[in-house]
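Enquirer: Got a structure for you, questions after.
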Amino acid sequence: MADRVTVIGWDGSPLTPAATSALSAATLVAGAAHHLALPEVPAGAERIRLGSVSLAARRIAGHRGSAVVLADGDPGFFGVVRTLRAPEHGLEVEVVPAVSAAAGAFARAGMPWDDARIVVAHPRTLRRAVNVCRAHAKVAVLTSPGAGPAELALLLEGVHRTFVICEELGSDREQVTVLTSENAVDHAWRDPNVVIVLGGGPASEGDGWLAGPTPGYPSAPRGWALPDREYGAGLGPGESTDLRAAQLARLGPRVGDLVWDIGCGSGALSAEAARFGAAVIAVDADAEACSRTQSAARRFGVQVQVVRGRAPHVLESLPEPDVVRVGGGGAAVVEACADRRPERIVTHAATRYEAEAVGAALSAGGYDVECALLQSVDLDTSAWSERERSVVFLLSGRRKERSL
């Protein structure tokens, strides 16, 4: 096992005395090509081109001597430290940090970043990174080959954002470019780069004690499945507070998800799903419903993309959903949603006949189906008398896992 493993972050500035000392004593150095070309790397040291960090960790574990791993930015921030410290490698790691790529990008842009989301985009995580950019007004994307500014812009089609693209930070070729997302597709961008994605509304400024965005804070009311009065007008059929709470519980929207809310009505469920940090596309054929949904999003300080059109036809051009709530359209719309293979589909029916038809559509689409008959009674607490009663079938489908 290596006698000593030092991870050195490099942001383009001269190495610190501690980093220089560790590097001069190294008998093995791992890093990218531009790291291994640094004049401080000892001529006699074994050199490993860093591709798979796990493979490099196994090589280091079997090395006799002092090892150094060079990495861009802060290696403890979405960096190599997590992999090197994995128990199976048995390595004791010392870290010499540097300015992270995210911090460097926001500094170049002259912007605060305590209220930003930070995401990593690889080809396998690109769609989820894009969903975060849909849902939040300030996001830094640490990109990779195949998941860079152009790919981000392509998947954001129809959603206007401003890109601040920082290429090769800390090098002689450093460049910062500001342009709209639709124009980022027409350029070839140099790696490594960081993209700050801005827009969709005012960024959350927080109140100076908690890092990260806080949608609607502190103006948003506390709680979920809020009553009618929070939306400025009465809710429509199938939008009762208790039904909405049950639907949200079964959908489980989270950061990185894309939620379809089909037949969005007042926008109550759309706004509350967005408050969980998910990206939301709200669909309705009615212009008034679309307007109310946009108002609800503004009221709670969240991002919701509203699409006017009639399902199922309008769904063909929408990006792939993770979870879907069907507020109207019945079995035909549920069938169209099941064809897109979201993890969960939630809807409701007023009669048993409708519930059976929707359940059959979910089952035929490859979903495990659950149904509950929900009855809620609204009481006037001044007299403890019944004010309103509603009965509805709540249906939810969970995608069956395909056998390997």
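Enquirer: Could you list, in sequence order, all residues of region 240-279 that are open to solvent by 20 Å² or more (accessible area, probe 1.4 Å) and of a type in the set (Asp, Glu)?
Expert: 242, the sole residue that qualifies.
Enquirer: May I ask you to list the residues in region 139-170 that are within 13 Å of residue 104 (Cβ to Cβ), touching a helix residue (DSSP H, G or I) at 6+ places or on another chain (Cβ under 8 Å) and not hydrophobic (A, V, I, L, M, F, W, C)?
Expert: Correct list: 170 only.
Enquirer: So residue 6 passes all but one of these: (1) touching a helix residue (DSSP H, G or I) at 6+ places or on another chain (Cβ under 9 Å); (2) part of a loop (DSSP other than H, G, I, E, B); (3) touching a residue at least 40 places away in the same chain (Cβ under 8 Å); (4) over 20 Å from residue 102 (Cα atoms). Which condition number does it fail?
Expert: (2)
Enquirer: Follow-up. So, in region 282-300, how many residues would count as being farther than 18 Å from residue 228 by Cα and either surrounded by fewer than 24 Cβ atoms within 10 Å (Cβ to Cβ) or touching a residue at least 60 places away in the same chain (Cβ under 8 Å) (or both)?
Expert: The number of residues fulfilling the criteria is 3.
Enquirer: Taking into account only those residues within region 331-356 that are assigned to a helix (DSSP H, G or I) and touching a strand residue (DSSP E or B) at 6+ places or on another chain (Cβ under 8 Å), which is most open to solvent (accessible area, probe 1.4 Å)?
Expert: 352
Enquirer: For region 68-152, give me every one of the strands (runs of 3 or more DSSP E) that falls completely inside it and has 3 or more residues that are in contact with a Pro (Cβ under 6 Å, 6 or more places away or on another chain). If you could, list the steps in order and put the result at the bottom.
Expert: Values: elements: 93-96, 117-120, 138-142.
Output list is empty.
Enquirer: Inside region 354-404, can you point out the residues that are more than 30 Å from the chain's Cα centre (by Cα), modelled with pLDDT of 95 or more and of a type outside the set (A, V, I, L, M, F, W, C)?
Expert: Of everything in region 354-404, those that are more than 30 Å from the chain's Cα centre (by Cα), modelled with pLDDT of 95 or more and of a type outside the set (A, V, I, L, M, F, W, C) turn out to be 354, 356, 359.
Enquirer: Quick one: in region 107-137, of everything that is out of contact with any strand residue (DSSP E or B) (no Cβ under 6 Å at 6 or more places or on another chain) and surrounded by 21 or more Cβ atoms within 10 Å (Cβ to Cβ), which residue is modelled with the lowest pLDDT?
Expert: Among those that are out of contact with any strand residue (DSSP E or B) (no Cβ under 6 Å at 6 or more places or on another chain) and surrounded by 21 or more Cβ atoms within 10 Å (Cβ to Cβ), it is 137.
Enquirer: Only one of (1) of a type outside the set (Phe, Trp, Tyr); (2) buried (at least 21 other Cβ atoms within 10 Å of the Cβ); (3) under 26 Å from the mean Cα position of the chain (by Cα); (4) in a helix (DSSP H, G or I) is not met by residue 60, so which one is it?
Expert: Here residue 60 meets the rest and fails (3).
The values are calculated or read from the model by the stated rules, or taken from the named source; none is laboratory data. Because the structure is a prediction, the values reported are computed rather than measured. Cβ sites come from the backbone with ideal geometry, for glycine too, and all protein chains shown count toward neighbours. All accessible areas refer to the heavy atoms of the entire protein, side chains included, with ligands and DNA or RNA removed. Shrake-Rupley method; radii C 1.70, N 1.55, O 1.52, S 1.80 Å.
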